[in-house]
Structures are given as structure tokens and as C-alpha cells.
Amino acid sequence: MKTKLTLIIAALFMATNFGFAQQDEECMLNLTLFNDYVKSKKYDEAYEPWMAVRNKCPKFNIAIYKRGEKILAHKIKNSSGQEKIDFINDYMLLLDKGAEYFASKYPLGEVLEQKALLKYENRKDLGVDNMQIYEAFDEVYTKDKENFKSTKGLYVYFTKTVDLFKAKKFELQKVFDKYDDVNELLENLNDKYAKSLNKLIEKENAGTALGRKEKQYKGFYQKSLEANAKIAGSLDTYIGDLANCENLIPLYKKDFPTYKNDAAWLKRAVSKMYNKECTDDPLYIDLVKAYDEVDPSAETKYFVSTVLRKQGKTKEADDYVRQSYDLQTDPIKKARMSKKIANDFKKRGSYGKARTYYREALKLNPSDGTPHLQIAAMYAKSANNCGDTNFNKRAVFWYAAQEALKAGKVDPGLKGAANQAATSYRANAPTKSEIFTCGCAGTTIKIGCWIGGSVVVPNL
């Protein structure tokens, strides 16, 4: 009975893997052969049996397509001239066929994204220009942006927009629109990654060990967030001086009458004016008012607070800040809002209020370590005002170093920056000779002013 049950399970397994395809011994043999070769990274040896099963039994198994991608990537890398072009075109055909036979494993956006990257990475061999590359990535965005996830692809998509503007093929508005499109995609991806990562962190903090798969996912989310942060910074660098007040103000002033009731346009215009510090222009006030009337939200209340603060209405501004914060319910968006509020308080020197919001951001999004670096920077800047002796004032730098290092512990992508900041702060702290002279190694120093807390003098 046990043997019979085993045979039934084996039969079901075969049916699942090979679908409705007729069990062809030749295809099964070639499938096994090329699969084993690919596992051993013997891609040239895998090519012939792979092509045999691909041509005879194209629906036989998804490995034909997933393993086939590795075979063709190897062939492209190790060929040249027309042969290389043929392999590139065959890779694109393989992706299309994968989507035809195994649609759930080959979403449209991922297929188009891979094809666009193939064009970009092999642009010289294929002879494609900037417009063709842009159009390939624009097809991904237009047809299935939910599956446009490649950080490299998003970067190329935007940079080609700038290049085409400089070549006088696009208007400046196109550059700003595409900058916002790409940043919104990155932001949405980051929200998903951060939420998934935070669940795993919460599980670890509760004392439950992560499984093998969960550890892999954790690493993937952390690396993805780090890559997206770098790309976001690169976009700002690439757009350069194009997004300055001299360009933004006349452009938005011209379009405002047309889009004054368009919430999406107003959101982008207000955000860009705010981020590029064009808030002194009267247009900013008009944009904020219109945005708050058309689509009142946590975000609009925050922008209203910036206008009120400019007008010297501090109490009203603070009320709107609280409204903004309280209205936001999504934890990741609320953490982002909290950081934005904290940054504003920090710029104005209201370090105590800034720290409060930075700490809220840490609670809401524990996988983001940047608030620790901001808090550490405020500690360091306040050192001269937070001690009764020169030694005690400089002891604040040890406290700042401790705070900076926390960033690297919660966010591996910040480890380098955290270590660098901590080293810089320690360089300003009391020296070993000063510790020896005072004879205070191992003692605790209470830190005054807004910082509070205490720090232990290092042992020699």
C-alpha cells in the first residue's frame, strides 16, 4: 500500500512539472542533460541539449526558459559581431515565449524590462540610439509599471530623458515629469520592501529565529533599499541645475492656470518647489493653497505649515504640523513625514523637537537608520553648549559617536557612513592623555542641555 501511494505521488509530481506535455523520453533526457550542465556552469555544453528540448517540447518545463536565460547570457558575453546579435535577439524571443507558455512566471513588465536592459547593455552592437533606449523603457512604464523594478532600468530611463532634452528632443517639463515618475516608483518599491523587512525585524526582536528563506528575503530587502537609495541620489545628481528655481518658477507659473485643479500636478509642483527651496516665491503659496483645496491630506497640511511659518505664524504652523502627522496612517509614509518634519526643526535649530520626530521615524520604520545619523549630528553640533567644563563638553562627541553607530546596526547599508561619522566624532573627544590626567576613566558624565543622558569615559 505504501509503495502504491509513493507511485501515485511520483506520478502527480511528474504531471505538475511537465504540465500537459506528452512524456517524451528524448525531451526528458535533454532536459536533464542541460539542467545538469547549467548547474555546473557548463553553458556551452548545455546549449545543444537545451536547444533540442526547446524546439521539440517548448511547453515541457519552465526550466527551458529560466535556465535558458543563463545559457544565452553566457553566449552573449562570449561572442561578437553578428553571432552576438543573433544571441541577443534569441534571448528576446526566449522571453516572449516564456511569457506565452508560463505567463505567471513572466509578467509583462519584467519581460519588457529585461528586453529594454538587453538593448541598453548591448546598444553598440545593436546600433540603437538614446531615443530607442528611452522608448524601450517607456514601454515598460506605460504597459506595466507595477513590474518595473530594476534600479538600473529606472536610472537609465530617467537619464536618457535628460540626454534627449539636452539633444533638444524633449521639453524641460518632460524631464521633470519623468523625474517624478521614477521617484514615485522607487518610493512605492521602498515602501513595500521596508514593510516586509520590518516584519522580519519585529520577528527577530521578539526572539524568534528567522528561517533560511526569511534570511534570504531579509538580505534581499536590505540590498534593494540600499540600491534604491543610491539611485535616488544619482537622479538628483544627474538632473543637476536643470531643477533650480530659475527653471521651475516660470514653468509652473505658466502651467498653473491649466492645472490648478489637478491634484497630481499640484502635488509634484509643490514638492519640487519645496525640495529645491523655492518657497520664498509667491507662487509657492498659491500652489500650496490650491493643493490643499483640491485634495486636502496629511501632506497638504504639512505644506500649509511651511507657508504659515514663512509668514511668522509659528503657533499655527506647529498646529498644522501636528495635524499633518496625525492624519497620516500608513507607517512608512508616516515615518517619511516624521523625518521631513524633523529635518525642518533641525534646520531651524530646534534640536529637541527634531529628535522627537526622528525617534518617531525610528519606531515607525526600524529598518531605516538615517535618523540616528541626524540625531548624532545634532549632538555633535551642540557639544559646546552642553557641558560645564571643556572636558565635559567634548565628552558629548563620544555620545554622538554612540548614536551614529546605531545607524549601521539597524541598516547595513549605512554601516560605512556610520563608522566614518563615529570616527570623526571621536577625533573631537578628549584624548587618552587628557583622560589619564583627569583620572576619570570609567566614570560617568551626565550631559546637560537638551541632550540629557550620560556617557562613560573610556578606559585607557
Nearest 10, in degrees from 0 to 90: the angle of helix 81-101 to the longest Cα principal axis of the chain is 90
Karplus-derived 3J(HN,Hα) from phi for the stretch 107-122 (6.51 cos²θ - 1.76 cosθ + 1.60, θ = phi - 60°), whole Hz, x at Gly and Pro, runs x, 3, x, 5, 5, 5, 4, 5, 5, 5, 5, 4, 5, 5, 5, 10
The pairs in 97/203; 59/160; 169/276 lying past 32 Å Cα-Cα in this model are 97/203; 59/160
Taking Cα atoms only, helix 2-18 is inclined relative to the longest principal axis of the chain by an angle, in degrees rounded to 10, of 80
Using eta = 1.306 mPa s and T = 10 °C, Stokes-Einstein with Kirkwood Rh from Cα pairs puts D for the chain, in µm² s⁻¹, at 60
With -39,500 (n - 2.57) per DSSP H segment of 4 or more residues and division by the full residue count of the chain, the 222 nm estimate, nearest 500 deg cm²/dmol, is -25000 deg cm²/dmol
In terms of the charge dipole of the chain, which places +1 on Lys and Arg and -1 on Asp and Glu at the beta carbon, the residue among 312, 33, 122 farthest towards the positive end is 312
Ranking 222, 173, 142 by how far each Cα lies towards the positive end of the charge dipole of the stretch 129-239 (+1 on Lys and Arg Cβ, -1 on Asp and Glu Cβ), the top one is 222
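Applying a 10 Å radius around every beta-carbon, put 293-300, 36-43 in order of their mean neighbour count, most first. Before the final figure, lay out the partial values.
On the way: 293-300: 17.1, 36-43: 14.9.
Put in order of decreasing packing, that is 293-300, 36-43.
In the stretch 63-128, which GluC sites (Glu not before Pro) fall in coil by DSSP and have 13 or fewer other Cβ atoms within 10 Å?
Values: sites: 69, 83, 100, 110, 113, 121; in loops: none.
Qualifying residues, ordered by number: none.
How large is the Kirkwood hydrodynamic radius of the stretch 40-83, in angstrom, based on all distinct alpha carbon pairs?
Values: mean 1/r = 0.0911 Å⁻¹.
Kirkwood radius, the stretch 40-83: 11.0 Å.
Could you give the dipole magnitude of the chain about its Cα centre, charging the beta-carbon of Lys and Arg +1 and that of Asp and Glu -1, in debye to the nearest 20? Please list the in-between numbers first.
Numbers: 75 positive and 60 negative charges, 335 e Å.
It works out to roughly 1600 debye.
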Expressed to two decimals, the stretch 129-239 has a Cα Rg over Rh, using the Kirkwood radius, of 1.10
For the stretch 161-196, listing GluC sites (Glu not before Pro) in a DSSP loop whose Cβ sees at most 14 other Cβ atoms within 10 Å gives 171
In whole Hz, the Karplus estimates of ³J(HN,Hα) for the stretch 314-322 (6.51, -1.76, 1.60; θ = phi - 60°; x where Gly or Pro) are 4, 4, 4, 4, 5, 4, 5, 4, 5
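Which FRET efficiency value, to the nearest 0.05, is calculated for residue 436 and residue 241 with the Förster distance at 41 angstrom and r the Cβ-Cβ distance?
On the way: r = 52 Å, r/R0 = 1.28.
That gives a FRET efficiency of 0.20.
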Place a point 7 Å from the Cα of residue 51 in the direction of its beta carbon; the residues of the stretch 82-119 whose amide N falls under 16 Å from it are 82-94
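Take the cross-link list 272/347; 178/218; 168/340 and give me the ones stretching past 24 Å between alpha-carbons.
On the way: 272/347 18 Å; 178/218 30 Å; 168/340 36 Å.
Beyond 24 Å: 178/218; 168/340.
How long are the semi-axes of the equivalent ellipsoid of the stretch 24-106, defined as square roots of 5 times the Cα gyration tensor eigenvalues? Whole Å, largest first.
Details: eigenvalues 75, 52, 22 Å².
In descending order the semi-axes read 19, 16, 10 Å.
Note down the relative contact order for the chain as a percent, whole number, built from C-alpha pairs under 8 angstrom at least six residues apart. Walk me through the numbers before you get to the answer.
Working: 510 pairs, mean separation 30.9, N = 460.
That works out to 7 percent.
Since every read-out is calculated from the coordinates, none of them should be taken as a lab result. All values reported here derive from a predicted model rather than from experimental measurement. Methodologically, a virtual Cβ is constructed for each residue, glycine included, from the backbone with ideal geometry; neighbour enumeration extends over all protein chains shown.
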